[in-house]
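A short write-up of the structure that comes next.
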Amino acid sequence: METTVELIAGDFSNAGHASSKVKHILKQLNIPAPIIKRVVIALFEAEVNVVAHSSGGSLTCSISPDGIHMVVSDRGPGIPDLELAMSEGYSTASPEVREMGYGAGMGLPNIKKHVDTLDIRTGSGEPTVLTMSVSFREDA
């Protein structure tokens, strides 16, 4: 089963819609709640990053009996210093984004904490692509 959702730059009124859609699907599949929580946290953080920092993008989830494979991609401008961006508390969010309660600098660290695998392809002036997975086996 695969689902794709387009993410619109600056559309904070719909931020969280894609991760909620995936949560609903996983609940219907009787996936254990702790696993659903991990998936939803990672997807929500990635989704908000695309909405806040890029020119838009997409979120694609492929669900198999063993787990979920997620790809979140944007249309730029990329992350100039990925190592710094992975530091808790580091943020390039605008004052407007911070006023809405986003931009605390926990997005990428939270994603890393909640997935089993994470690959980030990015660079200054380039699109960013996050490829993540979470196993449905609780012992993984």
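The values are calculated or read from the model by the stated rules, or taken from the named source; none is laboratory data. All of these numbers come straight from a predicted model, not from anything done at the bench. With ideal geometry, Cβ positions are generated from the backbone for all residues, glycine too; neighbour counts draw on all protein chains shown. The protein model used for the area step is the full one, side chains on, heavy atoms only, and it has no ligands, DNA or RNA in it. Shrake-Rupley method; radii C 1.70, N 1.55, O 1.52, S 1.80 Å.
The accessible area of residue 100, taken with all protein chains in place and a 1.4 Å probe, comes to roughly 100 Å². Taken about its Cα centre, the range 43-140 carries a charge dipole of about 120 debye when Lys and Arg each add +1 at the Cβ and Asp and Glu each add -1 at the Cβ.
Taking 0.36 nm per residue of separation and subtracting the Cα-Cα distance, full extension of the segment from residue 21 to residue 9 would add 2.5 nm. Entry comment: accessible area of the range 1-41 is 59 Å² per residue, from protein heavy atoms only and a probe of 1.4 Å. Net charge in the neighbourhood of residue 7 (other residues with Cβ under 14 Å of its Cβ; Lys, Arg +1, Asp, Glu -1) is -3. Over all other residues within a Cβ to Cβ distance under 9 Å of residue 56, the charged ones net out to -2, with Lys and Arg as +1 and Asp and Glu as -1.
For residue 116, nonlocal amide neighbours, meaning residues 5 or more places apart or on other chains whose placed amide H falls under 5 Å from its own, are 133, 134, 135.
What a 1.4 Å probe finds exposed on the chain is 51% carbon and sulfur by accessible area, rounded to a whole percent. Find, among the trypsin sites (Lys or Arg not before Pro) in the range 65-140, those assigned to loop by DSSP (not H, G, I, E, B) with at most 11 other beta-carbon atoms within 10 angstrom. Passing both the DSSP loop test and the Cβ count: 137. Here is what passes the span test in the chain: the DSSP H helices with alpha carbon length of 18 Å or more along the helix axis and a Kyte-Doolittle mean of -0.5 or above are 33-53. Of interest is the spacing of the C-alpha centroids, which for the range 108-140 and the range 36-60 amounts to 11 Å.
Estimated from the Cβ-Cβ distance and a Förster radius of 25 angstrom, the FRET efficiency linking residue 113 and residue 137 is about 0.85. Using Cα springs under 10 Å in a Gaussian network model of the chain, which residue among 18, 93, 42 shows the largest mean-square fluctuation? Largest GNM mean-square fluctuation: 93. Residues whose amide H comes within less than 5 Å of that of residue 7, counting only those at least five positions distant or on another chain, are 57, 58, 59 (H built at 1.01 Å from N in the peptide plane). Rounded, prolate or oblate: which fits the range 57-140 when a ≥ b ≥ c are the square roots of the eigenvalues of the alpha-carbon gyration tensor, with rounded for a/c under 1.5 and prolate only if a/b beats b/c? Prolate, because a/c is 1.5 or more and a/b exceeds b/c. Return the single residue from 73, 54, 62 with maximal mean-square fluctuation; model: Gaussian network over the chain, springs between Cα atoms under 10 Å. Largest GNM mean-square fluctuation: 62. Using equal-weight Cα scatterers in the Debye expression, the normalised intensity of the chain in log10 at q = 0.15, 0.20 Å⁻¹ is -0.68, -1.20.
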